[in-house]
Amino acid sequence: MTEQDFAVPLEAPKYYRPDPSYRERSWIGDYQTAYQKFVSDPEAFWKARAAELDWFEPFDEVMQWDFPYARWYLNGKINITYNCLDRHVKNGRANKVALFWRGEEGEEKAYTYSQLLRQVCRLANGLKRIGVKKGDRVCIYMPVIPEQVVAMLACARIGAVHSVVFGGFGVNALNQRIRDSGSRVVITADSSMRRGKAIQLKPIVEEAVVNAPSVETIVVLRRDEPRVELHSEMEVDFEELMENEPHTCEAEVMDAEDPLFLLYTSGTTGAPKGIVHACGGYAVGTQYTTKYVLDVKEDDVYWCTADPGWITGHSYVVYGPLLNGATVFFTESTPDYPDAGIWWKLIRDYGISVFYTAPTAIRMFMRVGEEWPAKYDLSSLRILASVGEPLNPEAFEWFYHHIGGCRCPIVDTWWQTETGMHMITTMVGEPMRPGFAGQPIPGVFADVVDSDGNPVEPGNGGYLVIQQPWPSMLRGVYNNDERYRQYWTTIDSVYTATDLAVKGHDGNIMVIGRADDLIIVAGHNIGTAEVESALVSHEAVAEAAVIGTPDPVKGNQIKAFVILRNGQVGSDRLVSDLRYHVRMTVGPIAMPNEVEFVDSLPKTRSGKIMRRVLRAQELGMDLGDLSTLEE
Ligand code: 6R9
């Protein structure tokens, strides 16, 4: 980051103001009033939010803070699936559509709340039958299909801790996540569909479980005809597992602090981190934000385009919307297949009213042109939302004009795998400032500070921090307490988000990007370390460093610098081999766009690669402080 990255744009702020009816009809009402009410009594605020859920046993205390460990809703007993399903079935939503799924070729599946509950119970019973117990970890590696959601909920039903791994990851990434979590069961499918082609997942799982001794059973959903064979002793058919199971399964009584799931996120160095979320606080945080930030109402048809394999999918495809009894639309199809009009066609055909997507998708659509959305009537849309990266002003304007018809508010939500729920945004109905995510939501104390933790003056930049615990905060990093403590000790006694941000004079916060070694490619967090270790695992490679370089659509793309082993010669062929190798080990999203062969890499005296130097060189920027450079 250079000085000019920190400058607040000089021109007078430009705001977009939604029609006042948005604020009048929103769940949150006036933002300032709601925020002040929260500040006047944070405990009462979070108590009231928890009261919007059903608890088997009430909690004694809202929060206990034993730095840096927080416990929320002490001794409260809850099951998130009871709140996502049974509660709605009992309260008049039994026949309301919970999930509406559409496949690439137009095939459809709908589950009402009562049907979804039955499916979840049957799979939950099946999992119990093969020995899955409360606290066991279950890895879910599936395409974006209803069974993926059913699998997550079935685990939560019986208190098993799910660890969903994005279906685009390759063998090594999957293996690492299965091993670290000690998963007993892997739930997968034979294949996933992408642009009319079936991508085989099962061979990846077969390879990933070699050398993962914790795995006892692989549950395989068979989609293709003829059905793939289940050869090993370990493999069980998904449908057979559910087949003769009863349609009811008592929801396991979970303590509010019991773990609900693990989700791996790429770290700066070494292995990905298993972020741990707890049952009670996560349920409260996602129910609250889906309702009050995305403003979901009874009649909405809600579509969040994220894969349930990422945190956005966990919180805002699955748990948050179902906790609110919403109708969730989702699809396996990619945004440009069979053509770049597919998403707009889906919005029209299904009457989507709340649409939540990512800047990278918006920029892709900007590039292909507004004639695509112009072909479809998008008047069902009521609210637009964005997540994953900074929503740059150009993308904001395009989204606002061409998708939202200059009518829909855009809710730009800043948050992280670790936060579990939205933290900073512009609430529905409030004036929107393009380029700025907005302000902390009621329930959250956040600020931009310098490295000593002092709030910066408006108009300046620094580190984005959260100053008080919140219910859906991570409870730990699996098997790595030291890493967990770092979040709270990097800057004294506050949670450091590792993002750089600027505080505007109007209180709005502009998030700039990561301060650590993560590259965000098309909204996916890629750890430099993961890609580098994949490259180095290739026989021709001695050393490697990767950096992000700007890409107009994906935000960033990956460039790799590679030192070859003696006797190896760089060639176009080797470049393709290396790209393919990364694709197979980490996954297609991590594939470098460019590979450059070099003789040396800039390093610190302690041997750490100075990626910022590579990046500065690549982008023709000032090299900055080189005092720690080795030579
Ligand atoms: C939810 C999610 C977290 C990182 C985060 C930041 C970036 C997310 C953003 C945003 C600017 C937004 N990020 N939302 N940057 N504006 N609205 O994406 O979680 O995958 O853990 O990524 O994404 O850099 O630190 P996760």
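The values are calculated or read from the model by the stated rules, or taken from the named source; none is laboratory data. The structure presented is a predicted model; accordingly, all values stated were derived computationally and were not measured. Positions of Cβ are generated from backbone atoms using ideal geometry, with glycine treated the same way; all protein chains shown enter the neighbour counts. Surface areas here come from the heavy atoms of the whole protein model, side chains and all, with no ligands, DNA or RNA. Shrake-Rupley method; radii C 1.70, N 1.55, O 1.52, S 1.80 Å.
The table that follows gives values for the structure above.
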| item | result |
| --- | --- |
| Accessible heavy-atom area order of Arg23, Arg483, highest first, probe of 1.4 Å | Arg23, Arg483 |
| Extension gain (nm, one decimal) between Asp349 and Arg129, 0.36 nm per residue minus Cα-Cα | 75.1 nm |
| Rounded accessible area per residue of the chain, 1.4 Å, Å² | 39 |
| Charge context of Gly341, other residues only, Cβ under 13 angstrom, K/R +1, D/E -1 | -3 |
| Tensor-based shape of segment 520-619 (alpha-carbon gyration tensor, a/c under 1.5 rounded, otherwise prolate or oblate) | oblate |
| Interchain or long-range residues, amide H under 5 Å from Asp237's placed H | Val220 |
| Gyration tensor (alpha-carbon) shape descriptor, the chain, a/c threshold 1.5 | rounded |
| Shape of segment 203-279, Cα gyration tensor, a/c cut at 1.5 | oblate |
| Cα-Cα over 22 Å, subset of Lys90/Lys134; Lys37/Lys77; Lys47/Lys77; Lys14/Lys375 | Lys90/Lys134; Lys37/Lys77; Lys14/Lys375 |
| R0 of 51 Å, Cβ-Cβ distance Ala94-Asp572: FRET efficiency to nearest 0.05 | 0.25 |
| Net length gained if the chain between Lys197 and Ser379 were fully extended (0.36 nm per residue, minus Cα distance) | 62.3 nm |
| Orphan Cys of the chain, criterion: no other Cys C-beta under 4.7 Å | Cys84, Cys139, Cys155, Cys279, Cys304, Cys406, Cys408 |
| Apportionment of accessible area to carbon and sulfur, the chain, percent (1.4 Å) | 48 |
| Mean Cβ neighbour count within 10 Å, used as a protection proxy, ranking 560-573, 276-289 highest first | 276-289, 560-573 |
| Computed [θ] at 222 nm, deg cm²/dmol, the chain (DSSP H ≥ 4; -39,500 (n - 2.57); rounded to nearest 500) | -7500 deg cm²/dmol |
| Accessible-area value, Glu24, 1.4 Å probe, nucleic acids and ligands omitted, Å² | 140 |
| Charge dipole magnitude, Cβ of K and R +1, D and E -1 - segment 80-252, Cα centre, debye nearest 20 | 780 |
